Amino acid sequence: MPRANRRRREPEDDSLGRLLAGWKRTETRRGVTWTVQPVSAASAQKTYTCPGCGRDVTPGVAHVVVWRADGVLGDAADLAARRHWHTNCWRIG
């Protein structure tokens, strides 16, 4: 019987959340645990105000999104309260 030379397709996972989850990290600062997720310059498409310096995080600028990982109001509230920081502002803040 001849061998099939077809490539096996890997199951597609188009879940952006699963893809980005691998880049998330947890940091503890002053007794508070934070989830920190980098955003690449290509993915940065909106303008946000950095809470560290008060300046705009403009589209096309790589930055981090930060939210509490141990909030008492639950994950949905913590995620809703996330903030976009310049990477350097978060590092020194």
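Of all the residues in region 31-51, those that are in a loop (DSSP other than H, G, I, E, B) and either buried (at least 18 other Cβ atoms within 10 Å of the Cβ) or touching a Pro at 6+ places or on another chain (Cβ under 7 Å) (or both) number 5. So which pairs qualify, if the first residue must be in region 37-51 and farther than 11 Å from Arg83 by Cβ, the second must be exposed (fewer than 14 other Cβ atoms within 10 Å of the Cβ) and of a type in the set (A, V, I, L, M, F, W, C), the Cβ gap must be under 7 Å, and the two must be at least 6 apart or on different chains? Taking only residues 6 or more apart or on different chains, the pairs are Gln37/Trp23; Pro38/Trp23. Here region 52-66 is the region considered, the condition is being in a loop (DSSP other than H, G, I, E, B) and touching a helix residue (DSSP H, G or I) at 6+ places or on another chain (Cβ under 8 Å), and the residue that is surrounded by the most Cβ atoms within 10 Å (Cβ to Cβ) is Gly52. Kindly check whether there is at least one residue in region 69-84 that is outside any loop (DSSP other than H, G, I, E, B) and at pLDDT 95 or above. Yes, the conditions are met somewhere in region 69-84.
The values are calculated or read from the model by the stated rules, or taken from the named source; none is laboratory data. Everything numeric here is computed off the predicted structure, so don't read it as measured data. Please note: Cβ atoms are built from the backbone with ideal geometry, for glycine as well, and neighbour counts cover all protein chains shown.
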